[in-house]
Amino acid sequence: MTQTQQESSAPVSTGRSLETNGLRKSYGGVTALDGASVTFQDGKVNALIGPNGSGKTTFFNCVTGMIRADEGTTTFRGTDITTASPHRIARQGIGRSFQLCRIFPRMTVMENMLAAVRPQSVWKMLGSARDAADQERARELLARVGIDHLEHAEARDLSYGQQKLLELGGVLMADPDTIMLDEPAGGVNPALIDRIANLIRSLNAEGKTFIVVEHNMELVMSLSDHVVVFDRGRPICEGPPSLVQNDPRVLEAYLGI
């Protein structure tokens, strides 16, 4: 099988969307991940929670190829992606958002959506033969996230919550199987939090798997099927929300009691 064929092959569902085994990452003398072994459930809304500095974003960055782990492995639906580049991991079917929105502020909302699927030719894409089909899909997704009326606005003129929705729309342009969201409710007003939550529920009902890092515990407990709790770079507890929120290890990590 050629490299191109390998990249285009659809991942096989194993009931486990993503797994890590012994993932470690240090920065100088600071250990961000300390042998993190985690399994996220396929077809579910998984949450990854923990105190500030517990390694959640570093975990996301290692899993999606943004940084290289010092040790350990990452497997996505049976395929080892430990050393894969970010674009190859995306092609496998993993999309992600960032804690701080990564958008092109001086480009329009539509241009941002198109850049999400063709970043290698941002300024040529509007004249391409594929552009009509991509624009149609982009408009459908913008309507779904609720900002289609802002299609021609520059991204920098959107509210922070609208920028979050735009980033999510860009993630959806690639039609990933698993969507990793880093603090989707951070800095967002309650009305938009409800919109994001309903969108996650709707997409999950259509078969999308989610892995969500979030500090809003009310949102986590109402939205998630499976919760993993990190502390000091490794999981200390996992299970359904009802179990996790009453676990003494979780209370100690968050409250020191």
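The values are calculated or read from the model by the stated rules, or taken from the named source; none is laboratory data. Values in this document were obtained by computation on a predicted structure and should not be read as measured data. All Cβ positions, even for glycine, are placed from backbone atoms using ideal geometry, and neighbour counts span all protein chains on display.
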Checklist entry - Applying the selection to region 1-49, what residues are basic (K, R) and either modelled with pLDDT of 95 or more or within 27 Å of G186 (Cβ to Cβ) (or both)? => result R24, K25, K44
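With respect to G207, determine if the residue is surrounded by fewer than 20 Cβ atoms within 10 Å (Cβ to Cβ) and touching an Asp or Glu at 6+ places or on another chain (Cβ under 9 Å).
On the way: surrounded by fewer than 20 Cβ atoms within 10 Å (Cβ to Cβ): yes; touching an Asp or Glu at 6+ places or on another chain (Cβ under 9 Å): yes.
When the stated conditions are applied, G207 passes them.
In region 167-197, which residues are among the hydrophobic types (A, V, I, L, M, F, W, C) and under 19 Å from F104 (Cα atoms)? Full working, then the answer.
Let us first name the residues in region 167-197 that are among the hydrophobic types (A, V, I, L, M, F, W, C), namely 168, 171-174, 179-181, 185, 188, 191-193, 196-197.
The answer is L168, V171, L172, M173, A174, L181.
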Item to check | Whichever residue in region 141-159 is of a type in the set (A, V, I, L, M) and in a helix (DSSP H, G or I) and, among such residues, is farthest from R201 (Cα to Cα) | outcome: A155
Checklist entry - Which condition number in (1) free of Cβ contacts under 8 Å to residues at least 12 places away in the same chain; (2) touching an Asp or Glu at 6+ places or on another chain (Cβ under 8 Å) is the one that P190 fails? => result (2)
Checklist outcome for this item: Filtering region 39-70 for residues that are of a type in the set (A, V, I, L, M, F, W, C) and out of contact with any helix residue (DSSP H, G or I) (no Cβ under 7 Å at 6 or more places or on another chain) leaves a count of 5
Item to check | Members of region 196-237 found to be among the acidic types (D, E), within 26 Å of R249 (Cβ to Cβ) and either without any contact (Cβ under 8 Å) to a residue 40 or more places away in the chain or not assigned by TED's automatic domain parsing to the domain that holds S37 (or both), listed by number | outcome: E218
Checklist entry - Under 9 Å by Cβ, and 6 or more places apart or on different chains, what pairs join a residue from region 100-114 that is charged (D, E, K, R) with one that is part of a helix (DSSP H, G or I)? => result R102/E167; R102/G170; R106/A155; R106/R156; E111/M125; E111/L126; E111/A155
